[in-house]
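First up is the structure itself, then whatever we jot down about it.
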Amino acid sequence: AEQFSVKDEL
Amino acid sequence: MNIFRLAGDMTHLMSVIVLLLKIHTIKSCAGISLKTQELYALVFATRYLDIFTDFISLYNTIMKLIFLASSFSIVWYMRQHKIVRRSYDKDQDTFRHLFLILPCLLLALFINEKFTFKEVMWTFSLFLEAVAILPQLVLLQRTRNIDNLTGQYVFLLGAYRALYILNWIYRYFTEPHYVHWITWISGLVQTLLYADFFYYYFNSWKNNVKLQLPA
């Protein structure tokens, strides 16, 4: 689930 | 990706393009705070340290490159371009970078999800983005008369923030493990900073008069 975390936001 | 997130990214992109086009075509940066633009360049440079190490999607990489390139070009235009730099309101734009950068850095050293260089820089960029608009708002307040493009620029940035909050609410209910206090609180603070400006922006738009901030 971590790779779909807030880090995919800009 | 949900519709709020996409719309948020697009308004963010438009805000930067509106600003670059304004500077490029009318060869003027009057009313624009260089301090805010430099802080944004720093925000993007510290947040996107993962650009070459973690591949998320083509969309993500391209958007990161656009934000880095556009923010540094705006700073370049305002500092180096021989015509544009003459229109910069240097005497009015007196906000000190360090008053914002230092507290954000200290806060990021203490509050972060993991104590690593990349993670601390990422957190720092979130805190700094939340307050980076302050020099611009101070400049708007001082000059009071705001041209349409500067007003639109700040409006688009505010819309981007509001849409990101809707995106977080949407993701919270649709994705498991999606809880990010640091991002949410700094994002909320950032959006609240625009509230006052929005009030005057909507009033001037509703009454169809030129945007003017109170003294």
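For the pair residue B:69 and residue B:53, label points projected 7 Å from Cα toward Cβ lie 2.4 nm apart.
Once the Cβ-Cβ distance of residue B:86 and residue B:207 is raised to the sixth power relative to R0 = 45 Å, the FRET efficiency obtained is 0.85. Between rounded, prolate and oblate, where does region B:123-162 land on the alpha carbon gyration tensor, with a ≥ b ≥ c its root eigenvalues, rounded for a/c under 1.5, else prolate if a/b exceeds b/c? Oblate is the answer for region B:123-162, as a/c is 1.5 or above yet b/c matches or exceeds a/b.
Put in line by how crowded their Cβ is, counting other Cβ atoms within 10 Å and starting with the fewest, B:179, B:138 read B:179, B:138.
The ellipsoid equivalent to the alpha-carbon distribution of region B:44-102 has semi-axes of 29, 16, 7 angstrom, derived from the gyration tensor eigenvalues as √(5λ) and listed largest first. Over all other residues within a Cβ to Cβ distance under 10 Å of residue B:122, the charged ones net out to +1, with Lys and Arg as +1 and Asp and Glu as -1. How many percent of Cα pairs in chain B exceed 27 Å? Tail fraction, whole percent: 32. Residue exposure proxy: B:205, B:168, ordered by other Cβ atoms within 10 angstrom of their Cβ from fewest to most, comes out as B:205, B:168. In region B:93-215, the ratio of gyration radius to Kirkwood radius, Rg to Rh, stands at 1.04 when only Cα atoms are counted.
Here the relative contact order of chain B, from alpha carbon pairs under 8 Å that lie six or more residues apart, stands at 32 percent.
Plainly put, region B:111-179 has a radius of gyration that is 1.11 times its Kirkwood radius, both from alpha-carbon atoms, as the Rg/Rh ratio. Among B:161, B:144, B:171, a tally of other beta-carbon atoms within 10 Å of each Cβ gives an order, fewest to most, of B:144, B:171, B:161. Convex hull volume per residue, computed on the Cα atoms of the protein assembly as shown, equals 128 Å³.
Overall dimensions of region B:1-56, expressed as equivalent-ellipsoid semi-axes from the Cα gyration tensor (√(5λ), whole Å, largest first), are 25, 17, 10.
Coordinate-derived values only; no laboratory data. For clarity, every value in this text was computed on a predicted model and none was experimentally measured. So basically every Cβ, Gly included, is an ideal-geometry build from the backbone, and we count neighbours across all protein chains shown.
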